[in-house]
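Just so you know, all these numbers are worked out from the coordinates, no wet-lab data involved. Only a predicted model underlies this, so the values are computations on that prediction, with no experimental measurement involved. Quick reminder, even Gly has a Cβ in these numbers, built from the backbone with ideal geometry, and neighbours come from all protein chains shown.
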């Protein structure tokens, strides 16, 4: 039997593009603030980069998952040029989820913007981003090929309200002036 | 005296018979029957040469197998033809000369010189059995690739196959290889996912999810399809391995009725179908069907890495490949299709499973396609 390894490698290179692509495609969360105060509202953009792909007309489902004791979902607004379905709220285990279906003919840009509010618990709140389907593979390109984007979530650090900090610093500063005055 | 006459009679018969034989008189079957009968009764009364001669004569006649009426004899039986490379061994199908093809020759099934794996069981003029079974006019019919994992390559030699495919027109479930030994039965609770773009159908039961994407085909107002192609996936949610997940592509539809086919045949219609294959969308497929008294089809598949052609008869709603009509680079395999829809809106769903000779290497091509009619 002839050795077909080399041929298979060549054909894999030629034919992979016609089946499931391995070119890079990313969907990322970009928060307006990475450190927020208690009960502070902030936004998170849903950004995509499919410039490595060759068949514009992309669609798929995204799922954000977060700890509801640290963050509260407020809203999602689609960007110009994007077709949006949802948001659809749900739960996975103890986490809350927000599913948004997206469709776009652009190669890159912003698909939409989430609005969240932090809670009164200090610490790090994770926002994970995944395919909306547990089995993955909801993303299709313009010729009906499945592709799997790289999903990049983000984290938000919640600290005591900025106003409280300034109040505290102001109080410390006033105390210092008072102490200097006495001495 | 009696003993003497008896000996004389036997000797005389033996002498007569041997003389007759030695003199070249042709013994007919009756003579041989009498000789052998005499020999059976009294072996010493008949010369052994006569017995052997009759045995050889009767054995040769029993091996002279006449072909069934209408089936030609092996042309390589001609002593002159035995020197041809095409006649090295009696083959049912002669090897093609110089890249060309010859029509297959059918030998009698019970020809003892015929290799058991070479004789055809399909006498000329009789229908060819489609590799994946016939489609029923007016009923759903389709084809799919099936492979391990969620990104199964149609030509993955580690386990990809082409198999029949069935789907509920409302897409609440599907079955890959129904009744076959590779059968995959989806969950029966598929629902359309609320995602823009090509319709996606998903359903989870326990740890198993089934999915189906329709990448070609539009649902009717009630959400049902009469033809569709796309991707299917099925397997474990929590332990996704190559062994407990399966996937592939499919092409499916409601087969045309025989009234539709009869009408097209009566009108001697020529219909051309063209489009991209579902698995490898780089492959452009073209199929032309010539309806008439003997409906037939021809097709070609063009990919940046390969190209091949095929053809064959139309049997009912089935398009069946004729090995004799493959392009020279096709080593083996088959093409099968089904005519879908009505006369004013037909399509062809089909599958290819061929091994090509690509520069001395074997290239497996497995794929499905749903082709609309083109002007």
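Highest mean packing comes first when the peptides A:150-156, B:362-368, A:25-31, B:312-318 are listed by Cβ atoms within 10 Å, giving B:362-368, B:312-318, A:25-31, A:150-156.
Each label point was placed 7 Å from the Cα along the Cα-to-Cβ direction; for residue B:237 and residue A:39 their separation is 3.7 nm.
Percent of C-alpha pairs per 5 Å bin in region A:78-124, short distances first: 5, 16, 21, 19, 16, 12, 8, 3, 0.
Per-residue mean of foreign Cβ neighbours for B:274-284 is 3 (Cβ atoms of other chains, 10 Å radius).
Going from the fewest other Cβ atoms within 10 Å to the most, the residues B:357, B:262 appear in the order B:262, B:357. As a proxy for reagent exposure, B:234, B:173 were ordered by neighbouring Cβ count within 10 angstrom, fewest first; the result is B:173, B:234. Panel order for A:116, B:291, by other beta carbons found within 10 Å of each beta carbon, from fewest to most: B:291, A:116.
May I ask for log10 I(q)/I(0) of region B:140-252 at q = 0.13 Å⁻¹, from a Debye sum over the Cα atoms as equal point scatterers with solvent left out? After summing over all Cα pairs, the log10 values are -0.43.
Need one number: the % of Cα-Cα pairs in region B:258-374 sitting beyond the 25 Å mark.
Summing the P(r) of region B:258-374 above 25 Å gives 20 percent of all pairs.
Sorted on the mean count of surrounding Cβ atoms within 10 Å across their residues, most packed first, peptides B:251-257, A:109-115 read B:251-257, A:109-115. Residue by residue along B:355-365, Cβ atoms of other protein chains within 10 Å of the local Cβ number 3 on average.
R0 = 51 Å: FRET efficiency of residue A:105 with residue B:355, Cβ-based, nearest 0.05?
Numbers: r = 39 Å, r/R0 = 0.77.
Result of the calculation: an efficiency of 0.85.
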